[in-house]
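I have placed the structure first, in the form of structure tokens, so that the comments after it can refer back to it.
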Amino acid sequence: MLPSPLTIDVRRGAIASLGSVLSDRRIATEGRIAVAVGPGQGAQIAADLDLPNCEVFQVEGGSIDVATELGKKIRSGAYEAVAGIGGGKTIDVTKYAASMAGVPMVAVATNLAHDGIASPTASLEHESGKGTYGVSMPIAVVIDVDYVRAAPPRLVRSGVGDVVSNLSAIADWELAGREQGEPVDGMAVTFARVAAEAVLHRRDSVESQEFLTVLAEALVLSGMAMSVAGSSRPASGACHEILHAITHLYPGVSNHGELAGIGALYASFLRVKHLDESERRVQDIRACLLRHELPVVPSDVGLDTEQFVRAVAHAPATRPGRYTILEHLDLSEDEIRRSVGEYVETLGR
């Protein structure tokens, strides 16, 4: 049986159904629900809803300490379930806390910044940077397109970069299968690829309700791909190694989805250059990123060439044991520097 949420509700006005979702006896038999809200729209949503048996907890930040503290509160309060209302950090904190407390979690997303909405992983900050932790998949997912449209456009656009990066992650997984004998889950690959392709060639933008619906569904499907695989493999390869290296070395630079897009484009460029793969995929990804006003080269996010070279060199250390185009090529720093120069010259604006 494929792992999937009991309910996936993506539409305008979906928030109005949250009360009935939380009252589902498959989620909570007595209706004792904790609600975790972030600093943005989450608090307002919780205030607007009529949830008499719910207790609201404010979530500040996205650290492992915050998630652990929330988990303790959920466990000590004997809550049956928890709803996380907010952006990616709030949802990741709530997923971790729910898993720690052993209760189901309902994800209520207010933006589409990345594919963690329905994934079985949580990306949390710790004293040494950021780590990815295995958690239970949300039991229900609610995405109200009206609230998403009210989020900062940059956050919504960044989800495009994250879901399109699946194409690079899949290529890395298939490379690991050929070179290392790593098992590749065909169903997970299908979910991840369909999610990316659903967005890749669309000509509309985040101003369009139809596009937001497709993007939301693609991000949910990407999360389900990870659940099927039992890891982040179908949505995280060299693209995310580079992303995590940048966030570790240069905290505060850009955001998850934007960096995933740059990482995917650079990794795809390496495959063309060193593995003789078709240039079409590189051009498709680049065109998609540009169409949605997303960065394509390091300078677009304020990094110079040397900083990006350092990040690429450090990238494999962020995911020990994961085999991608970076591990396959094992380029020296000088070779990375030359490749980055060629990448910028070839694919820059």
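Take the residues in region 192-221 that are in a helix (DSSP H, G or I) and among the acidic types (Asp, Glu); name whichever of them is farthest from the chain's Cα centre (by Cα).
The initial filter retains those residues of region 192-221 that are in a helix (DSSP H, G or I), namely 192-200, 209-221.
Those still in the list that are among the acidic types (Asp, Glu) too: 197, 210, 217.
On the way: Glu197: 16, Glu210: 21, Glu217: 13 Å.
Only one residue tops the list, namely Glu210.
When restricted to residues that are more than 10 Å from Glu333 (Cβ to Cβ) and hydrophobic (A, V, I, L, M, F, W, C), region 299-315 contains 5.
So which of Val253, Val297 is more than 19 Å from Ala113 (Cβ to Cβ) and β-branched (Val, Ile, Thr)? Let's see the steps before the verdict.
Numbers: Val253 fails: more than 19 Å from Ala113 (Cβ to Cβ).
Result: Val297 is the single residue among Val253, Val297 that is more than 19 Å from Ala113 (Cβ to Cβ) and β-branched (Val, Ile, Thr).
Between Val199, Val145, Val206, the distinction of being in contact (Cβ under 8 Å) with a residue 40 or more places away in the chain, in contact with a strand residue (DSSP E or B) (Cβ under 7 Å, 6 or more places away or on another chain) and of a type in the set (A, V, I, L, M) belongs to Val145 only.
Checked against the criteria, Leu290 does not count as crowded, with 24+ Cβ neighbours inside 10 Å and part of a helix (DSSP H, G or I).
Inside region 204-236, can you point out the residues that are over 17 Å from Ile8 (Cβ atoms) and hydrophobic (A, V, I, L, M, F, W, C)? The answer is Val206, Phe211, Ala229, Ala235.
Scanning region 3-47 for residues that are assigned to a loop (DSSP other than H, G, I, E, B), in contact with a Gly (Cβ under 8 Å, 6 or more places away or on another chain) and among the polar types (S, T, N, Q) yields one hit, Ser23.
If only residues of region 306-344 that are within 24 Å of the chain's Cα centre (by Cα) and basic (Lys, Arg) are counted, the one that is farthest from Pro183 (Cα to Cα) is Arg310.
Residues that are in a loop (DSSP other than H, G, I, E, B), touching a residue at least 12 places away in the same chain (Cβ under 8 Å) and of a type outside the set (Phe, Trp, Tyr) were ranked within region 300-328; the one that is surrounded by the most Cβ atoms within 10 Å (Cβ to Cβ) is Thr324.
Here's the yes/no breakdown for (1) at positive phi; (2) outside the structural domain of Val214 (by TED's automatic domain parsing); (3) at pLDDT below 90:
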position	(1), (2), (3)
Leu2	no, yes, yes
Gly13	yes, yes, yes
Leu18	no, yes, yes
Val21	no, yes, yes
Arg26	no, yes, yes
Arg32	no, yes, yes
Val35	no, yes, no
Gly38	no, yes, yes
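Scanning region 224-274 for residues that are over 27 Å from Ser136 (Cβ atoms) and not in a helix (DSSP H, G or I) gives Tyr250, Pro251, Gly252, Val253, Ser254. Scanning region 92-110 for residues that are touching a helix residue (DSSP H, G or I) at 6+ places or on another chain (Cβ under 6 Å) and either part of a helix (DSSP H, G or I) or of a type in the set (Gly, Ala, Ser) (or both) returns Asp92, Val93, Tyr96, Ala97, Met100, Ala101, Ala107, Ala109. Any idea how many residues of region 181-197 are among the acidic types (Asp, Glu) and closer than 13 Å to Arg233 by Cα? Number of matching residues: 2. From the set of residues in region 52-71 that are of a type in the set (S, T, N, Q) and not in a helix (DSSP H, G or I), which is nearest to the chain's Cα centre (by Cα)? Per the stated criteria, the residue is Ser63.
For region 111-141, the set of residues classified as part of a loop (DSSP other than H, G, I, E, B) and among the polar types (S, T, N, Q) consists of Asn111, Ser119, Ser128, Ser136, listed by residue number.
Of everything in region 20-37, what is of a type in the set (Gly, Ala, Ser), within 15 Å of Asp144 (Cβ to Cβ) and surrounded by 15 or more Cβ atoms within 10 Å (Cβ to Cβ)? Give them in sequence order.
Looking only at region 20-37, we keep the residues that are of a type in the set (Gly, Ala, Ser), and these are 20, 23, 28, 31, 34, 36.
When the remaining residues are screened for being within 15 Å of Asp144 (Cβ to Cβ), the result is 20.
None - no residue of region 20-37 is of a type in the set (Gly, Ala, Ser), within 15 Å of Asp144 (Cβ to Cβ) and surrounded by 15 or more Cβ atoms within 10 Å (Cβ to Cβ), so the list stays empty.
The test for being closer than 21 Å to Gly159 by Cα and either of a type in the set (Lys, Arg) or in a helix (DSSP H, G or I) (or both) does not hold for Ile74.
The values are calculated or read from the model by the stated rules, or taken from the named source; none is laboratory data. For clarity, every value in this text was computed on a predicted model and none was experimentally measured. All Cβ positions, glycine included, derive from the backbone under ideal geometry; neighbour counts span all protein chains shown.
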